[in-house]
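J.: My structure is below; once you've seen it, I'll send some questions.
The values are calculated or read from the model by the stated rules, or taken from the named source; none is laboratory data. Since this is a predicted model, take the numbers as computed values, not measurements. Note: ideal-geometry Cβ built from the backbone for every residue, glycine included; neighbour counts use all protein chains shown.
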2 protein chains.
Amino acid sequence: MKAIVPFRRRDAKSRLKHLLTLEERERFALMMLNDVLTALSKSAIDEIEILATGDGFTEELKVEHTEVRYDDRELNDALNTAIASQNQPILIIMADIPLVTPASINEMIRRKEDVIVSPGRKGGTNALFLRKPSRFYVSYYGISCIEHLEMAVRCDMSCGLHDSFFMSVDIDEVDDLVELLIHGKDTYSARYLTDIGLHLHADKESKTRVEVIR
Amino acid sequence: MKAIVPFRRRDAKSRLKHLLTLEERERFALMMLNDVLTALSKSAIDEIEILATGDGFTEELKVEHTEVRYDDRELNDALNTAIASQNQPILIIMADIPLVTPASINEMIRRKEDVIVSPGRKGGTNALFLRKPSRFYVSYYGISCIEHLEMAVRCDMSCGLHDSFFMSVDIDEVDDLVELLIHGKDTYSARYLTDIGLHLHADKESKTRVEVIR
């Protein structure tokens with residue numbers, strides 16, 4: 001089965017700009033992409049396509065046999081064009097979920113329904129399995145996980161949710177780095193953060209505060 | 001198998017006080033408890049004990065055959081006393097994870113390891129399976145999910161993580177209510193929030209903002 005991984009390097013992860021420089025953010029985004037590609041390469045997925053907007057970067061990819069398609073349009077347009085010609089089941093998976101595990105990917109793509117949505121926080125869709133991609137339209141942004149389930153119903157397709165914490169952790173804000181540093185010690189992206197001086201600070205007394213400091 | 005559900009009603013969910021009154025917060029905490037009890041009652045768990053601090057509330061529980069043990073000490077002391085006499089496997093599960101599903105509970109308690117930790121955001125432990133509870137000490141607060149795994153290693157027990165988004169969503173802050181209102185339409189707690197006038201506001205234009213307003 002094929003996976004499509006949308007990726008934008010240029011000015012990546014702008015909500016981290018108070019903690020990371022532009023160059024660090026772009027490098028960090030690439031490390032997260034490598035973590036997702038590594039998980040895919042250890043799963044039952046046997047073909048990977050990166051759907052990239054912007055400049056080239058293939059020399060920095062750690063996983064071989066990964067095809068790159070360039071499309072400078074916004075995410076939904078680029079993806080809907082990419083899936084329109086796909087007649088086999090595919091997995092669309094975000095490049096900023098570095099904690100994703102091969103086991104969770106396999107569980108998701110072995111489900112029986114036509115459409116499976118793996119939610120992120122705040123209603124995002126962090127991974128989307130489509131059995132009949134050419135008959136579906138994606139709609140990211142907003143509460144997309146509900147929109148994708150509703151789209152499945154409109155297309156007369158069966159659907160379900162995939163329940164994975166490690167897939168739900170998309171790294172957008174400084175608080176999200178807490179999850180990566182707690183759970184991601186074997187990832188490229190957490191090692192990169194550690195290398196440039198970020199670390200966790202847990203205040204046992206306050207009972208609730210765990211934060212990332214540099 | 002038995003489940004223990006710690007619960008504190010008095011001044012519950014203080015970080016929601018900007019949005020909910022004290023009475024509403026206490027009522028909301030009880031509705032979340034009822035959601036967790038309902039999920040447990042539909043799972044392979046066949047005995048439920050609420051470990052409560054503070055005043056009585058049993059008349060408001062929606063799930064029958066639930067035993068209540070009162071203990072006014074702090075969470076770790078109360079739990080460590082409660083598990084010291086348990087010689088059968090148990091599940092300790094938090095009362096503020098109303099999206100938890102019976103399937104996820106079953107998957108967790110059917111694992112082969114001695115200790116299984118289901119993480120919450122920021123390193124919390126939202127559910128903890130213990131095969132040999134009388135030989136274990138819990139340590140909540142801080143990055144407890146890592147501490148519980150380390151404790152397992154020290155006790156010479158096998159251990160693992162349970163990967164569930166719906167178990168990871170503990171409701172502490174206003175932002176957490178977003179998850180509940182998106183995914184929880186069949187829960188007592190989301191219906192209660194809707195009844196008192198809370199609803200989601202999604203700004204499709206900004207691409208990222210989904211918030212709860214009253």
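J.: Here is a list: A:ALA29, A:ALA44, A:ALA95, A:ALA39. Which entry is surrounded by 21 or more Cβ atoms within 10 Å (Cβ to Cβ) and not in a helix (DSSP H, G or I)? Please lay out each step first, then the result.
T.: Details: A:ALA29 fails: not in a helix (DSSP H, G or I); A:ALA44 fails: surrounded by 21 or more Cβ atoms within 10 Å (Cβ to Cβ); A:ALA39 fails: not in a helix (DSSP H, G or I).
Of the residues listed, the single one that is surrounded by 21 or more Cβ atoms within 10 Å (Cβ to Cβ) and not in a helix (DSSP H, G or I) is A:ALA95.
J.: Does A:SER168 satisfy being more than 19 Å from the chain's Cα centre (by Cα) and either at pLDDT below 95 or on the phi < 0 side of the Ramachandran plot (or both)?
T.: On the way: more than 19 Å from the chain's Cα centre (by Cα): no; either at pLDDT below 95 or on the phi < 0 side of the Ramachandran plot (or both): yes.
No: the conditions fail for A:SER168.
J.: So, one more: Go through the residues of the range A:52-70 one by one and say whether even a single one is within 14 Å of chain B (Cβ to nearest Cβ) and either at pLDDT 95 or above or closer than 23 Å to A:LEU30 by Cβ (or both).
T.: Within the range A:52-70, the subset within 14 Å of chain B (Cβ to nearest Cβ) is none.
No, the range A:52-70 contains no residue that is within 14 Å of chain B (Cβ to nearest Cβ) and either at pLDDT 95 or above or closer than 23 Å to A:LEU30 by Cβ (or both).
J.: Can you name every residue in the range A:1-26 that is among the aliphatic types (A, V, I, L, M), within 13 Å of A:ASP96 (Cα to Cα) and either without any contact (Cβ under 8 Å) to a residue 24 or more places away in the chain or exposed (fewer than 15 other Cβ atoms within 10 Å of the Cβ) (or both)?
T.: A:ALA12
J.: Residues that are under 26 Å from B:GLY142 (Cα atoms) and within 14 Å of chain B (Cβ to nearest Cβ): list the helices (runs of 4 or more DSSP H) wholly contained in the range A:106-210 that include at least 1 such residues. Spell out how you get there, then give the answer.
T.: Details: elements: A:144-154, A:165-168, A:174-183, A:188-195.
Ranges flagged: A:165-168, A:174-183, A:188-195.
J.: Here's a follow-up. Residue by residue through the range A:76-105, note down the ones that are closer than 29 Å to A:VAL178 by Cβ and either within 14 Å of chain B (Cβ to nearest Cβ) or not aliphatic (A, V, I, L, M) (or both).
T.: Taking the range A:76-105 as the starting set, the residues that turn out to be closer than 29 Å to A:VAL178 by Cβ are A:91-105.
Passing the criteria: A:MET94, A:ASP96, A:ILE97, A:PRO98, A:LEU99, A:VAL100, A:THR101, A:PRO102, A:ALA103, A:SER104, A:ILE105.
J.: Taking A:LEU180, is it surrounded by 19 or more Cβ atoms within 10 Å (Cβ to Cβ), touching a Leu at 6+ places or on another chain (Cβ under 8 Å), of a type outside the set (Ser, Thr, Tyr) and closer than 17 Å to A:ASN80 by Cα?
T.: Details: surrounded by 19 or more Cβ atoms within 10 Å (Cβ to Cβ): yes; touching a Leu at 6+ places or on another chain (Cβ under 8 Å): yes; of a type outside the set (Ser, Thr, Tyr): yes; closer than 17 Å to A:ASN80 by Cα: no.
Taking the combined requirement at face value, the residue does not satisfy it.
J.: Could I ask something else about it? Cβ contacts < 8 Å: first residue closer than 15 Å to A:LYS13 by Cβ, restricted to the range A:184-202; second residue loosely packed, with under 14 Cβ neighbours inside 10 Å, any location; separation 6+ or different chain. Result?
T.: That search, which allows pairs on different chains as well, returns A:ILE196/A:ARG214; A:LEU198/A:ILE213; A:LEU198/A:ARG214.
Quick grid of which residues meet (1) buried (at least 16 other Cβ atoms within 10 Å of the Cβ); (2) of a type in the set (Lys, Arg):
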position	(1), (2)
A:ALA78	yes, no
A:PRO102	no, no
A:GLU107	yes, no
A:LYS132	yes, yes
A:ARG135	no, yes
